[in-house]
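This report concerns only the one structure given below.
Laboratory data are not the source of any read-out in this text; all were calculated from the coordinates shown. Quantities reported herein were computed from a predicted structural model and do not represent experimental measurements. Here Cβ is always computed from backbone atoms with ideal geometry, including for glycine, and neighbour counts include all displayed protein chains.
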Amino acid sequence: MESSQARILIADDDPALRLILQETLRIAGYEVESASNGYQLVSMAQNQPPDLLVIDLMMPLMDGFEAIRQLRNDTRTSHLPMIILTARSASSEVVIGFDVGADDYITKPYDTDVLLARIRSHLRRAAKRPVRNPLTGLPGNLLLQAELERQISQQSPCALLYIDLDNFKAFNDAYGFARGDRAIHMLASVLTEITPREDFLGHIGGDDFAIIHFGDHGEDLCRRVIAMFDARVRELYDAVDLQRGYLLGVDRHGFTRQFGLLSLSIALVRKSEQRFHSVDEMSRVAAELKQVAKSISGSSYAMDRRHVSQHPGQERRGRRRPAALLIAPNEHLHTPITMVLRQQGYRPLIARSVLRAQGLLDYAPEPSILIAEMAEEAIWEIWHQLPHPALLIAIVTEQQAAEVALHRGASAALIVNGDLTSFSSALLAQVPVAVGSEPID
């Protein structure tokens, strides 16, 4: 790709540095656009994907780490070269930047010749990107986009399955890249076995795959992929981790936390029920649905028209387990609470906010249990508006708040003090075994 044809999107909150970088790249013959914060960067990249991004890590509203993570999780931008800007002393920032998906880094103050050389190198590499993924040998992002464009132009009925691995980074951190590659190969093998011969199976990159399905059995395809994956994924874990049910790892903020086992989130977009005019439009819907699927614990799929299904293989003895809704902004609580709920026979629905909880209630309007950090009055409103009475377990930070919650009708109020083991034990004592189910050993 010639520099005169390449479009570069830069992001830096320093107006002076941004202006200097813009002029440097324009003099070199590139088309340049700029953003002053992470939100603006993500929006601009999604609306009109550039050929390459240069991203400052420290920005207001949304930092460069989160911007890169979101762009890597979007089918429209996941394949783009991304170069981060960072201070010379911030080696830890560089490591985190690579972990979330950056391709390269430039230190400030940067050498202009080095910057331009690295940009040219990444643009050449992007232009020569193989049409098949080198890890799995499956058709890559370019062939997938070309096939989708052909189907959209012909107005052919089909469905797009956008498949993503959950907790893959934690798995890689715990076991190393070699076993991470095994996980990718295993998923590719599952998809190859399950996908009908006439369908198109592609590997977008990293842990993202896609299927263009030409039949009328998209939901059944999702269910069969999830069933086979969940059966095989256990082979990748050490016995001690498998028995415990989670991995211990360090999040991007440096805190030790628990990460669930590998699972799948699948977005199912049916083109026969919507008229799409571009691949970007279809990919945008897929990205939104994938986030819905990710809000549900375990392997799940979300489909258009606001319908979400949980993998039936996770139900005990063929019965659909009752739902339990968790509203907790504190992500450290998600794993211990969902483990208790599953142990007692419930299907956990996880919401980090009241808004997300309201969305989940569109799909599962009658949870048997509501567990919530009682920081907002709206949570009480949600509880009172449920069509059937639900057990309410309040999570609070002090004794006075616990007494208020019990006075207002909560069946229990648990105080969080940082000891997650004691918290889990206290929660287990308050969550009854689901009706018609059995506790999971």
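A few points about this structure:
- In degrees, nearest ten, helix 279-294 long axis to first principal axis of the chain (Cα): 30 degrees
- Relative to the current alpha-carbon distance between T421 and A146, full extension at 0.36 nm per residue lengthens the span by 93.9 nm.
- Net charge of the neighbourhood of A188, taken over other residues with C-beta under 14 Å away and scored Lys/Arg +1, Asp/Glu -1, is -2.
- Within the chain, the longest run free of GluC sites (Glu not before Pro) that sit in a DSSP loop with at most 13 other Cβ atoms within 10 Å is 199-397.
- In straight-distance terms, cross-link reach from K169 covers every one of the lysines whose alpha-carbon lies under 26 Å from its own, apart from those fewer than eight places away in the same chain; here that gives K290, K294.
- Principal-axis tilt of helix 141-153 within the chain, Cα atoms, nearest 10 degrees: 80 degrees
- Fraction of C-alpha pairs exceeding 22 angstrom in region 3-127: 24 percent, rounded to a whole number.
- Within a Gaussian network of the chain (alpha carbon springs, distance under 10 Å), most fluctuating of F276, F200, F229: F276
- The H on the amide N of L85, modeled in the peptide plane, is under 5 Å from the matching H of I55, D56, L57, I106, each at least 5 residues off or on a different chain.
- In order along region 419-428, the phi-based Karplus estimate (6.51 cos²θ - 1.76 cosθ + 1.60, θ = phi - 60°) of 3J(HN,Hα) comes to 8, 5, 5, 5, 4, 4, 5, 5, 5, 4 Hz; Gly and Pro are listed as x.
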